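Participant: This structure is in structure tokens; I'll ask about it shortly.
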Amino acid sequence: MEQEFFGRNIVVTGAASGMGRAQALVLSREGAKVWLADIADGPGEALADEIEARGGSARFVSLDVRDPHAWELLRDRVNGEDGQLHGLVNNAGVSHRSGIADTTIEDWHRVMDINLSSIFYGMKALFPLLRECDSASVVNISSCAGMIGYPAAAYCTSKWAVRGLTKVAALEFAEWGTRVNSIHPGLIETPLLRSGSERFAEESVKYVPAGRLGQADEIADAVRYLLSDGSKFVNGTELVTDGGMTSGGLFHRISHELSDFARR
Ligand SMILES: NC(=O)c1ccc[n+]([C@@H]2O[C@H](COP(=O)([O-])OP(=O)(O)OC[C@H]3O[C@@H](n4cnc5c(N)ncnc54)[C@H](O)[C@@H]3O)[C@@H](O)[C@H]2O)c1
């Protein structure tokens, strides 16, 4: 059977863990050569080996997404090997669950640099290679925290800004056939979700109408769709993948509790 991404080169940041890893696996299974970019060298290299051992194609690149120069080096390397780029998934990110009072200035800048500025650097550095293709696609991983209020000053702000920056890029790059969309995952079972309080996931899942956490593979499927020709008229959209949480999880919870009460 024909592979969906055969002959295409795709960069995935934060590919060494969680959702990025799942994306890299699904894209390589569909024939893409995947450029795995991460600061976690060991797991990133191991994933590249795993993909190659399964007959796929992958390159690991040690890249700190906060470093504009590192992005230029990646661009030069992709250009040297492939000459063009069909896809970019800006997935790397960190969690930080603190309000305004408890967020230090250093934390604010760190979260903004990793979750937001990185996406500006990445699109700026790689656009010259993306526009070499007739229909390249960029997917920026925001969050449901970029759709609603969320008690995390830097994280929530960074994810709302990713949504805005995605719209700017969608308008600007359309002339060259490059589409740019954002994905807004809800609670997804990855190491990031489990960082900090264990109770966070346990309590939050009560507000998910689907009644469960999402899996990294389910976000990888959404990424795959936005990178594919099946979405070629989709540009500047916000794909919310959260089991219904932001479309009324609070009311789902309330009606659930009320029906429990009525049964008593
Ligand atoms: N897990 C969730 O519930 C959830 C929900 C919404 C959005 N997200 C977003 O999804 C994305 C992926 O998160 P995940 O849950 O898979 O997390 P994860 O912690 O499993 O993976 C994040 C990856 O990013 C890499 N990374 C961190 N800082 C980096 C840097 N400076 N340069 C390069 N790589 C860096 C890490 O090494 C790691 O491999 C993030 O942007 C996150 O904000 C996650």
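The values are calculated or read from the model by the stated rules, or taken from the named source; none is laboratory data. As the structure is a prediction and not an experimental result, all values here were calculated from the model. All Cβ positions, even for glycine, are placed from backbone atoms using ideal geometry, and neighbour counts span all protein chains on display.
Participant: Name the pairs: first residue in the range 179-198 and more than 13 Å from V94 (Cβ to Cβ), second residue of a type in the set (G, A, S) and in a strand (DSSP E or B), Cβ to Cβ under 8 Å, at least 6 apart or on different chains?
Facilitator: If the second residue must be of a type in the set (G, A, S) and in a strand (DSSP E or B), the pairs left are R179/S137; V180/S137; N181/S137; P185/G214; G186/G214; L187/G214; I188/G214; E189/G214.
Participant: Can you name the residue in the range 134-154 that is aliphatic (A, V, I, L, M), more than 10 Å from the ligand (Cβ to nearest atom) and not in a loop (DSSP other than H, G, I, E, B) and is also surrounded by the fewest Cβ atoms within 10 Å (Cβ to Cβ) among such residues?
Facilitator: A153
Participant: Hey, another quick one. Return yes when W108 is surrounded by fewer than 18 Cβ atoms within 10 Å (Cβ to Cβ) and on the phi < 0 side of the Ramachandran plot and no when it is not.
Facilitator: yes
Participant: Please name all residue pairs, on different chains or six or more residues apart, with Cβ atoms under 6 Å, provided the first residue is in the range 33-58 and is over 23 Å from G7 (Cβ atoms) and the second residue is among the aromatic types (F, W, Y) and within 14 Å of the ligand (Cβ to nearest atom).
Facilitator: G44/F60; E45/F60
Participant: Go through (1) under 11 Å from N91 (Cβ atoms); (2) more than 14 Å from the ligand (Cβ to nearest atom) one by one and return the number of the condition I51 breaks.
Facilitator: The failed condition is (1).
Participant: List the residue pairs whose Cβ atoms are under 9 Å apart, where the first residue sits in the range 116-142 and is within 16 Å of V94 (Cα to Cα), the second is of a type in the set (D, E) and modelled with pLDDT of 95 or more, and the two are 6 or more positions apart or on different chains.
Facilitator: S118/D64; S118/D67; S142/E238
Participant: Another one. Give the residues of the range 70-105 that are among the β-branched types (V, I, T) and surrounded by 14 or more Cβ atoms within 10 Å (Cβ to Cβ), sorted by residue number.
Facilitator: Initial filter on the range 70-105 (among the β-branched types (V, I, T)): 78, 89, 94, 100, 103-105.
Scanning the range 70-105 gives V78, V89, V94, T103.
Participant: Right, here's the next one. In the range 163-187, how many residues are within 10 Å of the ligand (Cβ to nearest atom), part of a strand (DSSP E or B) and either of a type outside the set (V, I, T) or farther than 21 Å from V138 by Cα (or both)? Quick ask: steps written out before the conclusion?
Facilitator: From the range 163-187, those within 10 Å of the ligand (Cβ to nearest atom) are 183-187; that's our starting set.
Checking the rest, the ones that are also part of a strand (DSSP E or B) come to 183-185.
Going one step further and asking which of them are either of a type outside the set (V, I, T) or farther than 21 Å from V138 by Cα (or both), we end up with 184-185.
Matching residues across the range 163-187 total 2.
Let's see how each residue does on (1) more than 21 Å from I183 (Cβ to Cβ); (2) of a type in the set (G, A, S); (3) within 16 Å of the ligand (Cβ to nearest atom):
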{"residue": "A22", "(1), (2), (3)": "no, yes, yes"}
{"residue": "V26", "(1), (2), (3)": "no, no, yes"}
{"residue": "L36", "(1), (2), (3)": "no, no, yes"}
{"residue": "L47", "(1), (2), (3)": "no, no, yes"}
{"residue": "S62", "(1), (2), (3)": "yes, yes, yes"}
